[in-house]
């Protein structure tokens, strides 16, 4: 299996897993989703951790295989999510990831060739804000109660992804040009 195929599989799995977790992991909140603690006194839908991972996986897929393959992964992830969560979550997730992919394209793409770790963090944080707000609204989840936790939970993974990107830039397709 190539590195690009592995990144594609990780991206699809993180999309699907995030949607599955919202329906199955954490404590159920009536009229909302299953939630987990992301910081003291702050909760978010339980899929937040894998949703944060998707931003990093998306950047790796784009770096290794291109933007079209990244969009393909979103579509595959949304289709699989339809079966592991609910139609509402799958549609909200797919639409939101396509929107945040556009934000990612505007931030990550011009920066990634020379500043890979910064591009991962910058595009991840922009996508975090857009993705969190739009997803909660489309999924019918309470924005005022869950947005702070969504932002913090995803930011933890984006920052960790930036650190990983810093390590990866020393290898093959992740190297910055000289």
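The values are calculated or read from the model by the stated rules, or taken from the named source; none is laboratory data. The shown structure was predicted, so the numbers you read here are calculated from the model rather than taken from an experiment. Reconstructed Cβ throughout: ideal geometry from the backbone, glycine too, with neighbour counts over all protein chains shown.
Which one is surrounded by the fewest Cβ atoms within 10 Å (Cβ to Cβ), of the residues in the stretch 25-35 that are on the phi < 0 side of the Ramachandran plot, out of contact with any helix residue (DSSP H, G or I) (no Cβ under 7 Å at 6 or more places or on another chain) and without any contact (Cβ under 8 Å) to a residue 24 or more places away in the chain? Only one residue tops the list, namely 30.
For residue 138, state whether it is in contact (Cβ under 8 Å) with a residue 24 or more places away in the chain, under 30 Å from residue 29 (Cα atoms) and surrounded by fewer than 18 Cβ atoms within 10 Å (Cβ to Cβ). So residue 138 passes the test. Restricting attention to the stretch 26-65, the residues being touching a strand residue (DSSP E or B) at 6+ places or on another chain (Cβ under 7 Å) and at pLDDT 85 or above number 13. Residue 116 meets all of the listed conditions (1) surrounded by 15 or more Cβ atoms within 10 Å (Cβ to Cβ); (2) under 17 Å from residue 61 (Cα atoms); (3) within 15 Å of the chain's Cα centre (by Cα) but one, namely (3). Considering only residues in the stretch 144-158 that are crowded, with 16+ Cβ neighbours inside 10 Å and without any contact (Cβ under 8 Å) to a residue 40 or more places away in the chain, the one that is nearest to residue 56 (Cα to Cα) turns out to be 151. Restricting attention to the stretch 20-59, the residues being more than 18 Å from the chain's Cα centre (by Cα) and in a helix (DSSP H, G or I) number 1. Considered as a group, the residues in the stretch 74-100 that are crowded, with 22+ Cβ neighbours inside 10 Å and under 12 Å from the mean Cα position of the chain (by Cα) include one that is nearest to residue 46 (Cα to Cα), and that residue is 93. Restricted to the stretch 36-48, and to residues that are surrounded by 16 or more Cβ atoms within 10 Å (Cβ to Cβ) and in contact with a helix residue (DSSP H, G or I) (Cβ under 6 Å, 6 or more places away or on another chain), which residue is farthest from residue 13 (Cα to Cα)? Looking at residues that are surrounded by 16 or more Cβ atoms within 10 Å (Cβ to Cβ) and in contact with a helix residue (DSSP H, G or I) (Cβ under 6 Å, 6 or more places away or on another chain), I get 43.
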